[in-house]
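Read through the structure below, which is laid out as structure tokens, and then see the notes.
The values are calculated or read from the model by the stated rules, or taken from the named source; none is laboratory data. Since this is a predicted model, take the numbers as computed values, not measurements. Positions of Cβ are backbone-derived with ideal geometry, glycine not excepted, and every protein chain shown enters the neighbour counts. Surface accessibility is based on the protein's heavy atoms, side chains included, excluding ligands, DNA and RNA. Shrake-Rupley method; radii C 1.70, N 1.55, O 1.52, S 1.80 Å.
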Amino acid sequence: MLSLRRVAKRFEGTAALRGVDLEVTAGETVVLIGPSGCGKSTLLRLMIGLIAPDEGTVAFGGEVLERAKLSLLRRRMGYVIQSGGLFPHLTARANAALQARHLGRERPWIERRIDELAELTHLPREVLGRYPLELSGGQRQRVSLMRALMLDPDVLLLDEPLGALDPMIRADLQRDLREIFRRLAKTVVLVTHDLAEASYFSRRMVLLDRGRVVQQGSYRELLESPADDFVRRFIQAQRHAEEG
Ligand code: ADP
Ligand code: MG
């Protein structure tokens, strides 16, 4: 479904990604994990074509992401970011419907789809008329997810979607998200810097360090046979953080 070959990306001379190879198969959930600045968001933005690689290729459904094909291919991808990225001057409903409106979908179709998605994401119907500032952090992320799912994309890309939420709301949304991923059976790429969250979502984690993939596997595999000292330290640090 998504295929990255020898992908490199630099920003003003600093290497954000260096020779990344990655395959994401249709229907699987893959978690990208690693410390802040290791290149997780850059990798996601390359997958959705928001930025182009300096070297290597990114392909989606067998087609290399090229400028000319981008707007069509991007309709088949849903993207959720940490802050939600909702337009503040539009209601929740209008935010979710924006792209469908833009593509000329009929109002009844849009209304039906919003009903379905509010139910799926457990967003209370009565908040659909509110503006983002009038929503809780968890509700904002649910609206953001509705927007991403509106056109029934093949792939869902989520960049630390739970990162800004407090622990209880986070746990609720974590559980709902996992249920949604299972129910929809979509291809999902989820970014987190939290190991417990990563293993909650998938048995396949891709661990990055300074722009490189250092190891792929389950939590257990990383724990029992770390590829290098970085992997060992990354796991240690997270365990300490959890034990407080
Ligand atoms: P992560 O999401 O893992 O925290 P990022 O992908 O955001 O990491 O960033 C990887 C590296 O690239 C960092 O060193 C970051 O400062 C740099 N970087 C990312 N985006 C830009 C940008 N638009 N301009 C300059 N540097 C950037
Ligand atoms: Mg990031």
Based on what the data block shows, is G49 more than 16 Å from ligand 1 (Cβ to nearest atom) and on the phi > 0 side of the Ramachandran plot? no
For region 5-26, does any single residue satisfy the condition of being under 20 Å from D228 (Cβ atoms) and in contact with a Phe, Trp or Tyr (Cβ under 6 Å, 6 or more places away or on another chain)? no
I'd like the residue in region 52-71 that is touching a strand residue (DSSP E or B) at 6+ places or on another chain (Cβ under 8 Å) and among the acidic types (D, E) and, out of all such residues, is farthest from ligand 1 (Cβ to nearest atom). E55
Residue satisfying all of: in region 56-80; open to solvent by less than 50 Å² (accessible area, probe 1.4 Å) and either touching a residue at least 40 places away in the same chain (Cβ under 8 Å) or on the phi > 0 side of the Ramachandran plot (or both); nearest to the chain's Cα centre (by Cα) among these: V80
Can you pull out every residue in region 28-55 that is among the acidic types (D, E) and open to solvent by 50 Å² or more (accessible area, probe 1.4 Å)? D54, E55
Mind checking which residues of region 1-25 are within 10 Å of ligand 1 (Cβ to nearest atom), open to solvent by 70 Å² or more (accessible area, probe 1.4 Å) and either modelled with pLDDT of 95 or more or aliphatic (A, V, I, L, M) (or both)? R10, F11
Give me the residue from region 27-46 that is of a type in the set (A, V, I, L, M) and within 12 Å of ligand 1 (Cβ to nearest atom) and, out of that set, farthest from E197 (Cα to Cα). L46
Sort through S83, S41 and tell me the only one that's in contact (Cβ under 8 Å) with a residue 60 or more places away in the chain and in contact with an Asp or Glu (Cβ under 7 Å, 6 or more places away or on another chain). S41
Can you give me the number of residues within region 18-37 that are farther than 15 Å from Q216 by Cα and either within 10 Å of ligand 2 (Cβ to nearest atom) or touching a Leu at 6+ places or on another chain (Cβ under 6 Å) (or both)? 2
When restricted to Q139, Q174, the only residue at pLDDT 90 or above, more than 16 Å from ligand 2 (Cβ to nearest atom) and either under 15 Å from the mean Cα position of the chain (by Cα) or not in a helix (DSSP H, G or I) (or both) is Q174
Scan region 205-237 for residues that are assigned to a loop (DSSP other than H, G, I, E, B), open to solvent by less than 70 Å² (accessible area, probe 1.4 Å) and under 25 Å from R10 (Cβ atoms) and jot them down. G211, A227, D228
With the first residue restricted to region 152-181 and required to be under 15 Å from M77 (Cβ atoms) and among the small types (G, A, S), and the second required to be open to solvent by 10 Å² or more (accessible area, probe 1.4 Å) and within 16 Å of ligand 2 (Cβ to nearest atom), Cβ contacts under 6 Å at 6 or more apart or on different chains are none
